[in-house]
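Beneath this line is the structure, given in structure tokens, with notes to follow.
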Amino acid sequence: QRIEYYRAIALQYGVPDLEYHRRIEEFFEHRPARIRQLAEQWLNTPPSVKCRLTGSGRVMLDGHVVEPPFEGYYFPGMQLTLDVPEPERGRFSHWQIGGRRMAAPSTSVEMNQDLEIAPVWRSEGQGSITSN
């Protein structure tokens, strides 16, 4: 959004060459991965691993409320804490974590590999379960 803002200003003032905007876009596109790579080198750690949150509903990751889809990166060995906010606990069924079922609404996972995590919810007024 910020790049588009500056592009509009450049056009408004008649800047003839907007090629530098392409370079700025490339910089921002690759910046997160490059920062992770530099941190891994400086801290002498193995490559970071990805947590991908799928499904639906508000949950807490490391104390922060998030909604799928969400991706976060962790250094190997870090603990990821998962929780279900109190208003949602009644409809929570379980977590699907890397293909495993975890029934507790609050749990932690050691991040040693890329993981896909999804909260699974009970349908309103029914015993059936949905992952969306």
key: Criterion violated by Leu53 - all others in (1) surrounded by 11 or more Cβ atoms within 10 Å (Cβ to Cβ); (2) over 15 Å from Ser108 (Cα atoms) satisfied   = (2)
query = If you go through the range 29-49, how many residues are in contact with a strand residue (DSSP E or B) (Cβ under 8 Å, 6 or more places away or on another chain) and either in a loop (DSSP other than H, G, I, E, B) or open to solvent by less than 60 Å² (accessible area, probe 1.4 Å) (or both)?
reply = 2
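The values are calculated or read from the model by the stated rules, or taken from the named source; none is laboratory data. In this text the structure is predicted, and so the values were computed from the model without any measurement. Neighbour counts are summed over all protein chains in view; Cβ atoms, including those assigned to glycine, are modelled from backbone coordinates with ideal geometry. The accessibility values were calculated without ligands, DNA or RNA, using every heavy atom of the protein model including side chains. Shrake-Rupley method; radii C 1.70, N 1.55, O 1.52, S 1.80 Å.
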